[in-house]
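The block underneath contains the structure these notes are about, expressed in structure tokens.
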Amino acid sequence: MTDIEEVKVAVKALDSKKAGNIRVIRIGDITVLANYFVIAEGTSSTQVKALADEVEFQMGEKGVQPKCSINQQGTNWITLDYIDVVVHVFLNETREFYGLEKLWADGEEVDVSGFIGD
């Protein structure tokens with residue numbers, strides 16, 4: 001799968017479980033960490049885990065496994081590292097506190113509306 005195909009699978013998985021404020025930032029031109037960050041939020045630690053589990057399941061169905069999965073702050077922030085695509089699922093308060101979108105403001109925001117609902 002290409003990077004953008006992985007992003008699309010992740011976004012659709014997050015949307016299917018009612019993730020809030022799904023954003024994708026293309027960071028490949030400004031760092032070697034990854035090409036894309038997918039960032040979303042849940043309203044409870046239970047939803048955060050369910051969102052991350054759904055991304056992992058849907059990516060696995062496509063034959064893609066994370067290099068690693070990091071559960072930070074209990075289940076307030078889960079990171080799934082797919083090498084070129086890193087998925088961050090936050091509890092909404094935790095997302096506000098860490099402000100990844102602000103930290104990576106030099107990246108290019110990707111319009112996800114075309115990934116949802118098709």
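Nothing in this text is a laboratory measurement; each read-out follows from the coordinates by a stated rule. The structure presented is a predicted model; accordingly, all values stated were derived computationally and were not measured. Glycine gets a Cβ as well: all are built from the backbone with ideal geometry, and neighbour counts include every protein chain shown.
Summary of computed values
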quantity: Cut-off 13 Å between beta-carbons: net charge of the residues surrounding residue 91, Lys and Arg +1, Asp and Glu -1; calculated: -1
quantity: Pairwise label distance in nanometres, residue 53 with residue 98, each label 7 Å out on the Cα-Cβ vector; calculated: 2.0 nm
quantity: Read-out semi-axes √(5λ) of the Cα gyration tensor in Å, derived from the coordinates shown; its label in (i) 18, 17, 14; (ii) 56, 27, 18; (iii) 24, 19, 10; calculated: (i)
quantity: Whole-Hz couplings from phi, Karplus 6.51/-1.76/1.60, listed for the stretch 8-16; x for Gly and Pro; calculated: 4, 4, 4, 5, 5, 4, 5, 5, 5
quantity: Spacing of the two label points (7 Å from each Cα toward its C-beta) at residue 111 and residue 67, in nm; calculated: 3.1 nm
quantity: Distant-in-sequence amide H partners of residue 82 (H built 1.01 Å from N, under 5 Å); calculated: 67, 87
